[in-house]
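This report concerns only the one structure given below.
The numbers here are math on the coordinates, done by the rules we state, and not lab data. Since this is a predicted model, take the numbers as computed values, not measurements. With ideal geometry, Cβ positions are generated from the backbone for all residues, glycine too; neighbour counts draw on all protein chains shown.
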């Protein structure tokens with residue numbers, strides 16, 4: 001050991017830190033009696049507690065999800081200070097993530113900000129959900145591809161998963177039957193609210209009505225699955241772990257349905273439970289295919305209930 005290295009300390013590369021599971025350095029110390037040196041790997045002394053680092057990593061995506069939930073509570077109107085504050089908050093957090101190199105959270109922020117902005121700025125004639133969600137998903141996917149490779153796990157976010165097993169198929173069937181039953185009971189107690197879109201539906205021919213219903217179910221389910229069981233779940237799981245992320249995305253999904261269907265406080269609870277089940281199915285199946293199929297069927301039932309109420 002050259003004498004110039006004696007009694008020096010050198011940091012290990014991040015590769016070895018990952019292998020050891022902690023920040024480390026190499027200490028070169030002269031052995032008792034001289035003549036040779038001992039090399040000791042020891043934990044590096046850091047000034048920031050690990051729990052504080054974990055909190056710092058989880059705050060940006062949690063803040064974004066909290067803001068999108070507030071946006072659902074505020075509604076489409078951004079002329080007042082609540083709506084403007086939510087939209088401004090999304091922009092600020094997204095910019096902060098981009099500036100500080102939190103690429104994944106910045107991608108999520110772009111998608112959620114675009115969703116809220118589209119909902120607020122699109123004319124009411126074309127601003128019906130899921131079109132704002134389509135805009136948000138498109139912005140998210142573009143940013144996702146543009147920043148590909150810079151964020152961890154970019155291949156897993158939109159993965160539809162492997163071929164479903166027989167057990168998973170039965171889980172999907174059970175979820176479809178149970179959700180349809182709950183929606184039918186809910187519609188008896190609280191029928192869907194009919195807006196200006198009801199007149200449009202009533203004027204359609206039967207085949208056109210079927211085409212609109214299929215398109216709505218397929219697109220709406222795709223948008224909500226990509227946003228919640230795809231983007232939100234992935235980015236939260238990266239900092240919180242899988243099951244806490246499933247719970248948080250389910251709560252946000254439930255909040256989204258305050259003014260949707262099922263609506264109201266009961267609708268929020270039902271949608272949150274449904275989002276929890278879809279999130280668990282997403283983890284079990286390893287992709288979005290199984291929850292998307294179940295979601296398409298539920299949205300088809302909702303469309304039938306709306307048409308039935310309108311006619």
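Some notes on this structure:
- Segment 207-311, relative contact order [Cα under 8 Å, separation at least 6], %: 33
- For segment 240-300 versus segment 160-182, the inter-centroid distance based on Cα atoms is 14 Å.
- Cα-Cα pairs of segment 53-153 separated by more than 22 Å (percent): 28
- Fewest-first sequence of 268, 147 by Cβ atoms within 10 Å of each Cβ: 147, 268
- Translational D in µm²/s for segment 155-311 (Stokes-Einstein at 4 °C, 1.567 mPa s, Kirkwood Rh from C-alpha pairs): 81
- Note on 129, 243, 292: ascending count of other Cβ atoms within 10 Å places them as 243, 129, 292, the fewest first.
- Working note: Cα atoms of segment 98-148, range along each principal axis, descending, whole Å: 38, 18, 11.
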